[in-house]
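Here the structure comes first, spelled out in structure tokens, and everything after it is commentary.
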Amino acid sequence: MPGGGISKLAAFLTLFGANQMKVCVLADSSVRNSKTIGKLKASGKLYDAGIVQVGEASGVEEADIEDLLPAQLYVDLVNEAYRGELAGMSLTLDDLADGPRIVKRVEDVFVARSVNEGHLNHYSPAGALLRTKETGEMSEEQLSAAEVLIQKINALLD
């Protein structure tokens, strides 16, 4: 279930962890998230929750769950979700700067074009994915990373 980001993790875990529920959290990977997780662990607020960061599967320090999707699929989902705000100026992969994190690259375009006041809501493309059920063609690397995440999550919930 979506937890609303790492800043809300303590409240989320208090709700479930304090009630002796077995919880596993899938979190984006970043230096900031790692620091937050470390502080929660040190303060005992992780309860018995298992934490899996996306970068553990892809082997990179900075990664979002969206990075497991084909880049073109994610751009298509953004275009679907923000059709009105983009006002006929759909995004293309060529519009995005180079970089490892697709969300950050799209956010940069939103800021530059003042789309949605420069803010990309992570739930909007996810909602478009649920509506369209479009999956795109995943690479072997993306499929392997997804498999690693699923294995890590399952191991923590066993």
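Coordinate-derived values only; no laboratory data. Every value quoted in this text rests on a predicted model; they were computed, and no experiment measured them. Cβ coordinates were reconstructed from backbone atoms using ideal geometry, including for glycine residues, and neighbour counts include every protein chain displayed.
List of remarks:
- Of residues in the stretch 87-100 being touching a helix residue (DSSP H, G or I) at 6+ places or on another chain (Cβ under 6 Å) and surrounded by 14 or more Cβ atoms within 10 Å (Cβ to Cβ), the one farthest from Ala63 (Cα to Cα): Ser90
- Residue count for the stretch 59-82, restricted to those that are buried (at least 19 other Cβ atoms within 10 Å of the Cβ), in a helix (DSSP H, G or I) and touching a helix residue (DSSP H, G or I) at 6+ places or on another chain (Cβ under 7 Å): 8
- Answer residue from the stretch 11-37, given it is over 18 Å from the mean Cα position of the chain (by Cα) and not in a loop (DSSP other than H, G, I, E, B) and is surrounded by the most Cβ atoms within 10 Å (Cβ to Cβ) among those: Leu13
- Residues of the stretch 1-10 that are among the aliphatic types (A, V, I, L, M), surrounded by fewer than 17 Cβ atoms within 10 Å (Cβ to Cβ) and either over 21 Å from Leu157 (Cα atoms) or touching a helix residue (DSSP H, G or I) at 6+ places or on another chain (Cβ under 7 Å) (or both): Ala10 alone.
- Among residues of the stretch 84-108 being under 18 Å from the mean Cα position of the chain (by Cα) and assigned to a helix (DSSP H, G or I), the one that is nearest to Ala71 (Cα to Cα) is Ile102.
- Answer from Glu56, Glu62 - the residue that is charged (D, E, K, R), more than 25 Å from Ala128 (Cβ to Cβ) and in contact with a strand residue (DSSP E or B) (Cβ under 8 Å, 6 or more places away or on another chain): Glu56
- The sole residue among Lys104, Lys152 that is closer than 30 Å to Asp48 by Cα and surrounded by 13 or more Cβ atoms within 10 Å (Cβ to Cβ) is Lys152.
- Residue in the stretch 38-58 that is part of a strand (DSSP E or B), surrounded by fewer than 17 Cβ atoms within 10 Å (Cβ to Cβ) and in contact (Cβ under 8 Å) with a residue 60 or more places away in the chain present: yes
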